[in-house]
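All remarks here apply to the structure that follows.
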Amino acid sequence: MSPARPPWATKGPLRTPGANSLSEGRARSAKGAPMSAWKKVPAELARRFEAALPEAEGVERRQMFGCPCAFVNGNMFAGLHEDRLILRIPDEATSRPCVMMGRTMKQYAAIDMP
């Protein structure tokens, strides 16, 4: 017997709890390529990132996908991903492209941190 459908679920097949791409194996990108698991940002790198951010009005610190980032007027200008610094620098983006989940983030450069 199949589980009862919640009132808000009106279309599509009913999925059982836990039946998603992660429980069925490796997560996949929109193009179907396997995605690797992200590493957590090292605490020391997160501390250095926070200390380097300006205290200027309008600079907002928040998390994106569990990683520390900085925004101005709702637009990200810097962030961390694993052990890399992600910066919005259009001129550097072609020589140091930032690729996440198989997609290149336009105008962003990824810089490996020591």
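Just wondering, is there one or more residues in region 80-87 that are crowded, with 16+ Cβ neighbours inside 10 Å, basic (Lys, Arg) and in contact with a strand residue (DSSP E or B) (Cβ under 9 Å, 6 or more places away or on another chain)? Scanning region 80-87, I find at least one residue that is crowded, with 16+ Cβ neighbours inside 10 Å, basic (Lys, Arg) and in contact with a strand residue (DSSP E or B) (Cβ under 9 Å, 6 or more places away or on another chain), so the answer is yes. The residue pairs whose first member lies in region 42-68 and is under 16 Å from ARG84 (Cα atoms), whose second member is among the aliphatic types (A, V, I, L, M) and in a loop (DSSP other than H, G, I, E, B), and whose beta carbons are closer than 6 Å, counting only pairs six or more residues apart or on different chains, are LEU45/MET113; CYS67/VAL41.
Restricting PRO17, PRO54 to those that are modelled with pLDDT of 60 or more and in a loop (DSSP other than H, G, I, E, B) reduces the list to PRO54.
The values are calculated or read from the model by the stated rules, or taken from the named source; none is laboratory data. Just so we're clear, the structure is a prediction, and the values are computed from it rather than from any experiment. Here Cβ is always computed from backbone atoms with ideal geometry, including for glycine, and neighbour counts include all displayed protein chains.
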